[in-house]
Amino acid sequence: MLWFKKQPPAQTLAVAGDTVVPQPLPIALDSQIFKHYFDSLVAQSAGAGGAAALIERLQAKQRSIASVLELSQQAAELDEVELLLDQVFTARRRLYPALEAAGAATVLAALAQLVRGALPVAERLQAFVDAMPGTAGMDRASIKAANKLRRAAWDFAAELLHFSDPDKFPLMTRWVWDQSTQSGALREFIRGNDTLKEIPLTNAPEMFEGARAWLVDQLRTEGIYRDLPLWIDLMLGQAYTNYLRSVAEGSLGADFGRGTTPHEQLAKLLGVDGARRAGLSRVKKSRVDESGSRIEVQ
């Protein structure tokens, strides 16, 4: 576990079984590539308040998620869960119908186990995924064959765990790294990654924490000492959105929309983009039509 100094202090949740020991990475990440992404981040955000403005938005997201998770302990409906889902870009368009089908009691119990349980971190993430309808029995190693629901559930759980206490828990979403598809932001820090048939990074929390330790060292060379967990999120997002723009079609490319600036793409991936209209949720739900069929609606 990395001992970051939190500035300013934010509300976090006391969680049992939360020790994540950083694991040495089995492949080198490249400092020059990091420098390139860092300089690109500074340049592209200069006209929008700088990287500091994105950090402030991530701080607000962290406070919001921690607060809603506390409220969810007394909740009996899915209203609070929708507030959480609204802040997770890779899940908010896919997961709500499954949460609704599972029912508030099941979902809230799964959330409690995720953020306050005594199981090891990896097991808590998997347990949340398995609690979703249609996902039981699927393990993390089989993500290639997993459906969109399971993937969205993993990302949702990973973000909630991370933002419940960013100092303790690394961000372990699929876009950071996915062993089964050999893709994610961490790949973009490996020199010559396009020539490698396999990258020996795993989905273990300890591996993600090892990558964070490396990123902390790089950030400190740039004079960054405050809000390190959130700066790491920024750098990972910067690397991944750069990758998406470099290919003809990315897994999130269509969702970003045409004409979106790199800065806006980064904010959207991190879940700190603004709602389409003030006060409206960005969660895609479902409803039942006259024939009894479920229809997805925005």
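The values are calculated or read from the model by the stated rules, or taken from the named source; none is laboratory data. Everything numeric here is computed off the predicted structure, so don't read it as measured data. As a convention, Cβ positions derive from the backbone with ideal geometry for all residues, glycine included, and neighbour counts pool all protein chains shown.
Rundown of residues vs (1) at pLDDT 95 or above; (2) hydrophobic (A, V, I, L, M, F, W, C); (3) outside any loop (DSSP other than H, G, I, E, B), yes/no style:
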{"residue": "THR173", "(1), (2), (3)": "yes, no, no"}
{"residue": "ARG187", "(1), (2), (3)": "yes, no, yes"}
{"residue": "THR202", "(1), (2), (3)": "yes, no, no"}
{"residue": "TRP214", "(1), (2), (3)": "yes, yes, yes"}
{"residue": "ARG220", "(1), (2), (3)": "yes, no, yes"}
{"residue": "ASP233", "(1), (2), (3)": "yes, no, yes"}
### Message
Going by what's in this entry, would PHE163 be described as of a type in the set (Phe, Trp, Tyr), touching a Pro at 6+ places or on another chain (Cβ under 8 Å) and at pLDDT 95 or above?
### Response
no
### Message
Can you tell me which residue is surrounded by the fewest Cβ atoms within 10 Å (Cβ to Cβ) among those in region 71-85 that are of a type outside the set (A, V, I, L, M) and over 18 Å from PHE128 (Cβ atoms)?
### Response
GLN74
### Task
Within region 250-264, identify whether any single residue is modelled with pLDDT of 90 or more, outside any helix (DSSP H, G or I), under 17 Å from the mean Cα position of the chain (by Cα) and surrounded by 10 or more Cβ atoms within 10 Å (Cβ to Cβ), and answer yes or no.
no
### Query
What residue, among those in region 219-240 that are more than 18 Å from GLN32 (Cα to Cα), under 17 Å from the mean Cα position of the chain (by Cα) and not acidic (Asp, Glu), is surrounded by the most Cβ atoms within 10 Å (Cβ to Cβ)?
LEU230
### Query
Out of region 34-49, which residues are under 22 Å from the mean Cα position of the chain (by Cα) and either more than 30 Å from GLY192 (Cα to Cα) or in contact (Cβ under 8 Å) with a residue 12 or more places away in the chain (or both)?
PHE34, TYR37, PHE38, SER40, LEU41, GLN44, SER45
### Task
Looking for whichever is assigned to a loop (DSSP other than H, G, I, E, B) and within 22 Å of ASP18 (Cβ to Cβ) here; the options are GLN126, GLN73. Which one fits?
GLN73
### Task
Determine whether ARG92 is within 19 Å of the chain's Cα centre (by Cα), closer than 20 Å to ASP178 by Cβ and modelled with pLDDT of 90 or more.
yes
### Task
Assess whether ALA152 counts as being modelled with pLDDT of 95 or more, surrounded by 20 or more Cβ atoms within 10 Å (Cβ to Cβ) and of a type in the set (Gly, Ala, Ser).
no
### Summary
SER67 meets each of (1) small (Gly, Ala, Ser); (2) surrounded by 19 or more Cβ atoms within 10 Å (Cβ to Cβ); (3) modelled with pLDDT of 90 or more with one exception, condition (2)
### Query
What single numbered condition from (1) at pLDDT below 90; (2) of a type in the set (Gly, Ala, Ser); (3) surrounded by 15 or more Cβ atoms within 10 Å (Cβ to Cβ); (4) outside any helix (DSSP H, G or I) fails to hold for ALA98?
(4)
### Query
Among the residues of region 268-281, is any modelled with pLDDT under 60, farther than 25 Å from ASN193 by Cα and of a type in the set (Lys, Arg)?
yes
